[in-house]
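Accompanying notes for the structure given below.
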Amino acid sequence: MNILRGERDRGSAVIETVIGVPAFMLFVGLIFFAGRIAIANQAVESAANEAARTASIARTQEQASSDAAAAAATSLSNQGVACVSREVSVDTTGFAAPAGTPAQVTATVTCQINLADLALPGLPGTRTLSATMGSAIDSYRER
């Protein structure tokens, strides 16, 4: 029996496509997922840094907290990160330190990002990212 070489391989391209294309698409989806997480994490860190810096140049503890929250919201908005929920907490106890004593303000930004639009099986619909940054308060200014 003489079987031509091409007849033995008939249908194998279809099977390779049926197996390969979904695997490739899943791989591409995971790259998008990792990229979205990395960009959002960097944006949250930047927002925390901006909040801490803004709080450190405020004159009062109350002003520091409100300015930090506004700075974090603006930073996230400018970077195109839409948080499902956002929380900014500021530790302003450094304002109570006497003049001449080193002190700092710490800001923590927590952002829950939406990942439901990626529609990858097994991935959560949202992910919570958090970053904490600090900024020194001028030691010799009046408090």
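Go through (1) closer than 30 Å to residue 140 by Cβ; (2) modelled with pLDDT of 95 or more and name the single condition residue 60 misses.
(2)
Within region 7-61, can you find the residues that are farther than 28 Å from residue 116 by Cα, of a type in the set (Val, Ile, Thr) and exposed (fewer than 11 other Cβ atoms within 10 Å of the Cβ)?
14, 15
Give the residues of region 70-108 that are of a type in the set (Val, Ile, Thr) and either at pLDDT 95 or above or in contact with a strand residue (DSSP E or B) (Cβ under 7 Å, 6 or more places away or on another chain) (or both), sorted by residue number. Please lay out each step first, then the result.
Within region 70-108, the first condition is being of a type in the set (Val, Ile, Thr), and the residues that meet it are 74, 81, 84, 88, 90, 92-93, 101, 105-106, 108.
Those that are of a type in the set (Val, Ile, Thr) and either at pLDDT 95 or above or in contact with a strand residue (DSSP E or B) (Cβ under 7 Å, 6 or more places away or on another chain) (or both): 74, 81, 84, 88, 90, 92, 105, 106, 108.
The values are calculated or read from the model by the stated rules, or taken from the named source; none is laboratory data. Please read all numbers here as calculations on a predicted model, not as lab measurements. Please note: Cβ atoms are built from the backbone with ideal geometry, for glycine as well, and neighbour counts cover all protein chains shown.
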